[in-house]
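Heads up: the structure comes next, in structure tokens.
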There are 2 protein chains.
Amino acid sequence: MGKKKFNDAEEYKSYLKSIANLPEGFKAGVTSLKFVPEEKKASKPLSMNMSLLLLDSPVSAYSAVFTKNAFPGAPVLVGKERLGKEQLQGILINNKISNVCISSGVSDALEITSSIEKHLGLKEHSVFPSSTGVIGWRLPVQEMKECAVSLCDNLSADLLDVAEAIMTTDAYPKIVRRDFDGGSIVLVGKGAGMIEPNMATMLIFALTDFNLTGIDINNLLKSCADKSFNRISVDSDQSTSDSFYLVSSGKRSVNLDQFRSEFEDCCREMAVDIVRNGEGTAHVLEVRVSGAGSAEEAHIVGKALVNAPLVKTAIFGNDPNVGRLIGALGDCASSFPYFFRDHVVLKIGGETVFKNRSFSMNDEKEKKLSKYFEDCSMPEKKDGFPPHFKNVVIEVDLGLNRFETVVYGSDLTYEYVRENADYRS
Amino acid sequence: MGKKKFNDAEEYKSYLKSIANLPEGFKAGVTSLKFVPEEKKASKPLSMNMSLLLLDSPVSAYSAVFTKNAFPGAPVLVGKERLGKEQLQGILINNKISNVCISSGVSDALEITSSIEKHLGLKEHSVFPSSTGVIGWRLPVQEMKECAVSLCDNLSADLLDVAEAIMTTDAYPKIVRRDFDGGSIVLVGKGAGMIEPNMATMLIFALTDFNLTGIDINNLLKSCADKSFNRISVDSDQSTSDSFYLVSSGKRSVNLDQFRSEFEDCCREMAVDIVRNGEGTAHVLEVRVSGAGSAEEAHIVGKALVNAPLVKTAIFGNDPNVGRLIGALGDCASSFPYFFRDHVVLKIGGETVFKNRSFSMNDEKEKKLSKYFEDCSMPEKKDGFPPHFKNVVIEVDLGLNRFETVVYGSDLTYEYVRENADYRS
């Protein structure tokens, strides 16, 4: 991944600060407001951040992929409606409330974004809404409209400000950047729970000043999402709000193949960052599946292993309980047309633990693997920065055919339960 | 369910004692031994229980359903091989080690069971093995053989002794019984984690003295498992060892329809008992799906809701975060050919919380539902008896067609994580 270890939050932030400037043609603003949700009148005021990503001029060179959840949030509905039809000049992002399944959700979102369009004299429908947070509460429309206008008057934020403002239960801000050929690609992202393929309560905004057509952007976005964000899982829930935008200001020319390679790399780095910062994540699992009978089966196996609660809890406990890996593999493979138990080889951290239909474990190997898990572990409560970039590597060779994949996931910890048992209180 | 509330473990046990006598034609024995696993030489000795269920004479009137996991344990392989071919006279059950994926697993199991056959002069292959516990360790064959012989000499146990001896992380023993027409059906069961349809690390032994043919038993077993044990999920893992036996001593005649109805009822009661005693379970979820487009879709929706970690943690926290239910429903329904958001009606504890594509929540309803969850909650650490028999009832009407189902599951708690992070230590 290229990222070095950070010793404290300050060091991490100063690293992010050094990669936080906006690509040419973009500006950003960040502000916050207090509100009391209509649905929880008795509660004390909550704080919401609003961020605006703004282009100098409207562009057609953008695309987005959204959640496939059958109850998409209003911002997803608006984004889907506009894709390929409307030009984009800005994205307005709020945290705290995701604006999902509210009868006035779409009109609320439009009321707020159009107040920005009017204030700045932009084209109608050129500011896109994006929201994350509690499902089922209504946005505080009046407060947000007022705040949106003041936001337009101070567009001096950098991407670290944005990365911090869009956080919900994220422990630290996340930015990934590549500079080459005089231009740059920068991704800011948030996402900590509800992380599962087909996107997650994950908002990712990729900004670039490299010149690409809308069609290229659309193709790149889909193929790179499949190879990165659709291969991670924190808790197997697919959110109602996941959105991944790629927007170009078109200022610099670029070789498309090089762009693709750098962009893919960025996406993978951000995807693993999202897992590492998953709610309560104490270990990042990297499951490398090979020898699968089909691409789909490879994916099923990878996902089954990173999502099995008994595997996740064992790894949290630094317990090389390899029986649970075999249990989870056998569960998901029970529906495969071909599956040969005798061909399966399982490795953890490079050590063979299962082969020829039986376990190759002993006391020494148990201790070694337990130490390996400990070495890869992170404190459940992250202190504002990623403690390291190590993954628990699990290799599964199914010995059937040439298909392979890599899937990332997290363990299951007390902290995950704690954060999600009282998220709204 | 007919079961009353119990005030303490003593009251619960005396209730079980009152229903623990064996049906006519059966005997039982229970004993225990100490051993050190080959794979963990350095560990202190562990304790294992062995139980024997024995018929007066061998019968063909038995059947079993087993896990569909692609790595079944040796006892499952032996049972599948014998079904429909060999007569059954006994079942030898051990806890602590599940005998899965050990190269000598089948011969180990046969060595132990045949020592009983020889000692008692029974037919070859008439004593069936059944194991639950850690995957990947080898059975202590010598110790178990010695113990098996002494087990045969003291067959005065009742089904409470057996229900207690087969426990692993179960908090309390589980027995379900129906007496009618001069005969009885009694189920003893264990299972606390790895609980998911297609059976679970769940061992259920149903004994009856009613006279049924092997074919009737086979049909009954499959249809009743589908309506009970295949509709529960504690943590979505399908174990390698799940087994559900129904064995008849054939002493009394019975009407088949009446038997089916009573047996179905027993299975459902035991299935919910298993969920209630799930690892760390603090709430039993009862998801009633109606109006589904097909039986399969009804099942998918029910399972998706009881398995969604964010739903499970919210309910653990007594938080009526109905947005997460909609998120999980939208996730699983994204693949349905027909799905109308406008038709969906969602109720919790009889209260409508979602209708006409939007939430019907307010401050008062939030409080009421939170109280409802609290009222249905149980201590995570169970004190040797089920604290009550209340379920959190979630109704989902999809408004598509006439298909429906009921699925049971549990919430996700600290205690679940704790038990599974250090299960083997």
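The values are calculated or read from the model by the stated rules, or taken from the named source; none is laboratory data. Just so it is clear, the structure is predicted and the values come from calculations on it, not from any experiment. Cβ atoms come from the backbone with ideal geometry, glycine included; neighbour counts cover every protein chain shown. To get the accessible areas, we keep the full protein, side chains included, count just its heavy atoms, and leave off ligands, DNA and RNA. Shrake-Rupley method; radii C 1.70, N 1.55, O 1.52, S 1.80 Å.
Quick rundown of the values:
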| read-out | value |
| --- | --- |
| Cα-only radius of gyration and Dmax that characterise the range A:48-96, units Å | 11.9, 35 |
| Residues of the range A:98-118 buried by at least 30 Å² on assembly (accessible area, 1.4 Å probe, chain alone as reference) | A:Cys101 |
| Globularity index of the range B:306-425, i.e. its alpha-carbon radius of gyration over 2.2 N^0.38 Å | 1.18 |
| Residues in the range A:398-416 occluded by at least 40 Å² - accessible area, probe radius 1.4 Å, against chain by itself | A:Tyr414 |
| Cα-based helix-to-principal-axis angle, B:105-120 vs chain B, degrees rounded to 10 | 50 degrees |
| Per residue accessible area of chain A, 1.4 Å probe, in Å² | 35 Å² |
| Full-extension gain in nm, A:Asp56 to A:Ser150, via 0.36 nm per residue minus C-alpha separation | 32.0 nm |
| Threshold 20 Å² - residues in the range B:20-56 whose accessible area is reduced by that much or more when the chain is no longer isolated, probe 1.4 Å | B:Glu39, B:Lys40, B:Ala42 |
| Partner lysines for B:Lys347 [C-alpha distance under 16 Å; skip if fewer than 8 residues away on the same chain] | B:Lys355, B:Lys365, B:Lys367, B:Lys368, B:Lys371 |
| Rounded, prolate or oblate (a/c below 1.5 giving rounded, otherwise prolate when a/b exceeds b/c) for the range B:70-219 by Cα gyration tensor | rounded |
| Pairwise centroid distance, computed over Cα atoms, of the range B:1-67 with the range A:314-357, Å | 30 Å |
| Percent of C-alpha pairs per 20 Å bin, chain A, short to long | 27, 55, 18, 1 |
| Summed side-chain charge close to A:Phe340 - residues other than A:Phe340 whose Cβ falls under 14 Å, Lys, Arg +1, Asp, Glu -1 | 0 |
| 0 to 90° range, to nearest 10: angle between helix B:295-307 axis and chain B longest Cα axis | 90 degrees |
| Helix-only [θ]222 nm of the protein assembly as shown, DSSP H runs n ≥ 4, -39500 (n - 2.57) each, per residue, nearest 500 | -10500 deg cm²/dmol |
| Angle in degrees between helix A:363-376 and the longest Cα principal axis of chain A, rounded to the nearest 10 | 10 degrees |
| Charged-residue dipole, Cβ positions (Lys, Arg, Asp, Glu), the range A:145-191 about Cα centre, Debye nearest 20 | 200 debye |
| Cα lying deepest toward the dipole's positive end in the protein assembly as shown, options A:Asn277, B:Met202, B:Gly384, charges on Cβ | B:Met202 |
| Over the protein assembly as shown: Kirkwood hydrodynamic radius from C-alpha pairwise inverse distances, Å | 28.4 Å |
| Simple spin-label estimate for B:Lys68 and A:Lys381 in nanometres, 7 Å along Cα-Cβ | 4.4 nm |
| Contact surface B-A: accessible area buried, both sides summed, square angstrom, 1.4 angstrom probe | 5000 Å² |
| Inter-probe distance in nm under a simple model that places probes 7 Å from Cα toward Cβ, at B:Glu374 and B:Ser261 | 4.2 nm |
| Whether the range A:1-69 is rounded, prolate or oblate, judged on the alpha carbon gyration tensor where a/c under 1.5 counts as rounded | oblate |
| Efficiency of FRET from Cβ geometry, A:Lys34 and B:Lys44, R₀ 51 Å, rounded to 0.05 | 0.30 |
| For the range B:9-128, the fraction of alpha-carbon pairs in successive 10 Å shells from zero, as % | 11, 36, 34, 17, 2 |
| Surface/4 estimate of mean projected area, convex hull on alpha-carbon atoms of the range A:215-343, nm² | 10.3 nm² |
| Solvent-accessible area, 1.4 Å probe, carbon plus sulfur percent, for the protein assembly as shown | 47 percent |
